[in-house]
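Below: one structure, written as structure tokens.
The values are calculated or read from the model by the stated rules, or taken from the named source; none is laboratory data. In this text the structure is predicted, and so the values were computed from the model without any measurement. Positions of Cβ are generated from backbone atoms using ideal geometry, with glycine treated the same way; all protein chains shown enter the neighbour counts. Heavy atoms of the whole protein, side chains included, go into the accessibility calculation; ligands, DNA and RNA do not. Shrake-Rupley method; radii C 1.70, N 1.55, O 1.52, S 1.80 Å.
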Amino acid sequence: MFFVKGAKTTRVIQEKRIIHKRLWGNELKDKKRTETALKAGEDRAILLGLGMVLSSVMMYFVICITMVHAYADSVLTEETTCTFLNSTLTKDINCSYSCGSECWRSSKYPCLQVYVSLNTTGRIGLLSHNEEMLDVSTECFYVPKCQKDHTALRVLIQNISEHLKMHQQVTCYHDSSEHQGSILLNRLYGSTSVFHSLFWPSCMLSGGTLIILMVKLTRYLSILCEQIGKVPK
């Protein structure tokens, strides 16, 4: 009887050990799976942060070589008030428009010349709509997109002229040193537009950097907790 009970006890202990090993093995597997999943998630988060940082750097590069460069080189920055004097439709300007692949046809539009007087200095000059129009023509206030119907272009320019006549006092921009005689009605690359253009890349750069720092901090705290747990009490 004693040997039978001893054998049963040994069998029960062995079964308990087997069950314990299985449970411990399952726990280790689950722990490894959890660590693998967490590591994969952290790697994706770091890749997302790096992608955001690289995208923001590329956006900074594009904005700096276009908008910021044009803003820094512009001399028509002095803001003042201009008094509208007169507007005149002068000679027709020839232009060309695309009619298909390697097909170009000619049309024309009237040149609208707008004269204004600076209230600060009294200087009289030609008004341009913005820097883009000034680069195309120093004489015409607005250069429309060329199209087949030149009558429609004339009507468009006449409407612009009538609209300007309704405003005797307008805000304009000029060169305070008077090295540039042109006057602008609107600035494409003002301080406000540059700020708004740089705001979103800055937010993306900050967000990407914050994601990377948070992942690194999480990994550091995880390793620190694991080392503390291994310290014998």
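Quick look at the numbers
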{"quantity": "Area of residue 124 that stays accessible when all protein chains are in place (1.4 Å probe, Å², to 10)", "calculated": "110"}
{"quantity": "Segment residue 99-residue 40, length gained on full extension (0.36 nm per residue, minus Cα span)", "calculated": "15.8 nm"}
{"quantity": "Ratio Rg/Rh, restricted to the stretch 132-233 and using Cα atoms, in which Rh is the Kirkwood radius", "calculated": "1.44"}
{"quantity": "Residue-by-residue Karplus 3J(HN,Hα) for the stretch 125-135, coefficients 6.51, -1.76, 1.60, Hz, glycine and proline x", "calculated": "x, 7, 9, 10, 5, 7, 5, 5, 5, 5, 5"}
{"quantity": "Extension gain (nm, one decimal) between residue 196 and residue 166, 0.36 nm per residue minus Cα-Cα", "calculated": "7.7 nm"}
{"quantity": "Residue 213 accessible area, assembled protein chains, probe 1.4 Å, Å²", "calculated": "110"}
{"quantity": "Inter-label distance, nm, simple model (7 Å from Cα along the C-beta direction), residue 137/residue 176", "calculated": "3.2"}
{"quantity": "Per-residue HN-Hα couplings for the stretch 200-211 [Karplus 6.51, -1.76, 1.60; θ = phi - 60°; Hz; x = Gly/Pro]", "calculated": "5, x, 5, 5, 5, 5, 5, x, x, 5, 5, 4"}
